[in-house]
1. Relative to the compact-globule scaling 2.2 N^0.38 Å, provide the ratio for the alpha-carbon radius of gyration of the chain.
2. Please give the helix 26-35 orientation as an angle from the longest Cα principal axis of the chain, in degrees from 0 to 90, rounded to the nearest 10.
3. For segment 100-164, what's the radius of gyration and Dmax over Cα atoms, in angstrom?
4. Any chance you could give the angle, 0 to 90 degrees and rounded to 10, that helix 75-95 forms with the longest Cα principal axis of the chain?
5. Can you give the helix-only mean residue ellipticity at 222 nm for the chain, where every DSSP H stretch with n ≥ 4 adds -39500 (n - 2.57) and the sum goes over all residues, rounded to the nearest 500 deg cm²/dmol?
6. If the label point is 7 Å along Cα→Cβ of residue 159, which residues in segment 85-106 have backbone nitrogen under 18 Å from it?
7. Obtain the nm distance between the two label points defined at residue 79 and residue 142 by a simple spin-label model: each point lies 7 Å from its Cα along the Cα-to-C-beta direction.
8. In degrees between 0 and 90, to the nearest 10, how far off the longest principal axis of the chain does helix 101-130 point, with axes built from Cα atoms?
């Protein structure tokens, strides 16, 4: 294999050799090596070669979509990654780009409360202002009750889905 170079301990390959061994294309390998700041371990035929162990860590530290998979990073790098993500979230909250869940839940509860009050008084208003017959008012009340029960069922279902999803997420 012409890309293998004896530069001390380990196996050393060019970008092309790493691409052949990993199945990634050369551009992807080169980008990932650069992103991980892997330095060449030497040169062969005028081309840089990299220690295979370092190259593989860099190439496989990324997920299939090209982003970094933090679970494949070294502990120090993983800690730095999560600290940076935490700071990013704090900044998004400060800018108003991200709203804490409790605030969203409180606002939704306020809106539902206003809507419920309006729905509760609607049959009485129709009866009083439109002179609707009691049978019509009863039918309206039944339909509103059905709609209210459907909304409740959807909310409970969504809460159950959220709880199940949260339980499946790693801590």
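1. The reported ratio for this selection is 1.96.
2. 80
3. Just the Cα atoms of segment 100-164 yield Rg and Dmax of 15.6, 49 Å.
4. 40
5. About -22500 deg cm²/dmol.
6. Within reach of a label on residue 159, which here means backbone N under 18 Å from a point 7 Å along Cα→Cβ, segment 85-106 contributes 101-106.
7. Distance between the two pseudo-spin positions: 6.7 nm.
8. Tilt of helix 101-130: around 20 degrees.
Taken together, the values in this text are just the output of simple stated rules run on the coordinates, not laboratory data. Model, not experiment: these values are computed from the prediction. All Cβ positions, even for glycine, are placed from backbone atoms using ideal geometry, and neighbour counts span all protein chains on display.
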